2 protein chains.
Amino acid sequence: MENVKDCLSKLKAKGFKLTPQRLAVIEHLEGNSSHPSASDLFEEVKKKYPMISFATVYNTLRILGEVQEIKQLTIGSDKVNFDPNTEQHDHFFCRECGKIMDVFRKDNPEVKEINGHCVHECQIYFYGICSECLKASQKEE
Amino acid sequence: MENVKDCLSKLKAKGFKLTPQRLAVIEHLEGNSSHPSASDLFEEVKKKYPMISFATVYNTLRILGEVQEIKQLTIGSDKVNFDPNTEQHDHFFCRECGKIMDVFRKDNPEVKEINGHCVHECQIYFYGICSECLKASQKEE
DNA sequence: GTACTTGCAAACAGTTTGCATAGGC
DNA sequence: GCCTATGCAAACTGTTTGCAAGTAC
């Protein structure tokens with residue numbers, strides 16, 4: 001997702017209606033690098049839109065995925081997280097605090113084909129302990 | 001998981017008991033490259049052990065993960081899949097048929113540290129359409 | 001005015017948990 | 001015999017669905 005404006009016109013062009021609820025979800029996603037889950041977004045949006053429902057959040061996330069304005073991450077194994085940054089980049093998951101961090105590397109494989117299979121997308125997930133949690137555990141000792 | 005024998009002695013050494021149910025799950029995992037889910041394993045094991053319960057399958061999978069005899073894959077986004085091959089390799093997910101395939105590549109990053117975070121594990125997931133589904137769709141046209 | 005969208009609640013799937021019983025060691 | 005593992009069912013979590021009422025266009 002480049003910016004809210006482009007995203008809205010993309011949705012409009014595809015025939016989707018621009019409801020205030022959708023706008024609120026999109027605004028919470030723009031430039032958001034915290035990789036929120038559906039419930040994170042629901043809680044956030046609810047502050048401004050107390051009557052918004054889960055179904056609407058999921059519906060909006062689904063169509064944003066369809067028009068490729070966001071990507072799904074399954075790094076956390078329990079819930080799906082969403083990333084409005086659709087540029088190719090990797091992710092790090094801290095097994096201590098559960099945070100997901102962006103990782104930008106140069107040697108990303110630009111693979112279009114592998115073993116005869118056609119590749120659309122590649123997700124690289126790193127798992128470990130983040131720098132903050134490392135520091136915290138060193139202090140404890 | 002190298003072989004059933006080593007796996008069993010590893011469990012024994014860690015103080016886990018070797019029940020027939022666990023053995024059945026382990027035998028179904030050895031050399032299994034189909035990346036089964038918990039319910040796949042449950043159904044398979046049930047053929048020999050009609051009285052086995054889901055809880056036991058999950059329990060066994062949990063301890064096998066603890067002793068690092070299997071790895072969890074979250075490539076499918078809905079359920080977790082298990083891989084008894086713990087050697088570093090990647091995976092391909094076919095969005096058409098849902099199959100998960102092993103991908104062995106040479107240029108895997110051997111990353112131990114990234115942006116100050118300590119890396120324990122790396123999972124690389126490719127998404128697309130597998131060679132078989134590509135063939136099938138070409139025939140249709 | 002017409003369709004798509006919303007909100008609600010119920011349904012659903014995968015996984016986890018509590019507890020009495022069974023069984024490995 | 002002790003202590004862990006099992007089986008069952010119920011609980012739990014994240015997500016999806018059905019439907020009447022609401023609203024963007």
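Every number here is computed from the coordinates shown, using simple stated rules; none is lab data. In this text the structure is predicted, and so the values were computed from the model without any measurement. For neighbour counting, all protein chains shown are included, and Cβ atoms are generated from backbone atoms with ideal geometry for every residue, glycine included.
Remark: the stretch B:87-140 carries a charge dipole of roughly 240 debye about the Cα centre, counting +1 on each Lys and Arg Cβ and -1 on each Asp and Glu Cβ. Label-point spacing at residue B:8 relative to the other copies reads 6.7 nm, in ascending order, each point sitting 7 Å out from Cα along Cα→Cβ. For the peptides B:92-100, A:118-126, the ranking by mean Cβ contacts within 10 Å, running from highest to lowest, is A:118-126, B:92-100. Shape index of the stretch A:9-104: Rg/Rh, with Rg the Cα radius of gyration and Rh the Kirkwood radius from the inverse mean 1/r over Cα pairs, equals 0.97. Shielding of peptide B:76-83 by partners, expressed as the average count of other chain Cβ atoms within 10 Å per residue Cβ, is 1. Give me the base-10 log of I(q)/I(0) for the protein assembly as shown at each q in 0.07, 0.11, 0.12, 0.16 Å⁻¹, Debye formula, one uniform scatterer per Cα, rounded to two decimals. After summing over all Cα pairs, the log10 values are -0.33, -0.79, -0.92, -1.34. When residue B:99 is represented by a point 7 angstrom out along its Cα-to-C-beta vector, the spacings to that point in the other copies are 4.1 nm, nearest first. About its Cα centre, the protein assembly as shown has a charge dipole of approximately 820 debye under the convention of +1 per Lys or Arg Cβ and -1 per Asp or Glu Cβ, with nothing else charged. Distances between copies at residue B:49, taken between label points 7 Å from Cα along the C-beta direction, are 4.8 nm in increasing order.
Between the listed residues A:8, A:117, B:24, the Cα displaced farthest toward the positive end of the dipole of the protein assembly as shown, a dipole computed from Cβ unit charges relative to the Cα centre, is found at B:24. Extension gain for residue A:30-residue A:134 works out to 34.4 nm (0.36 nm per residue, less the C-alpha to C-alpha distance).
Reported to the nearest whole Å, the Cα centre-to-centre distance from the stretch A:8-63 to the stretch B:74-94 is 30.
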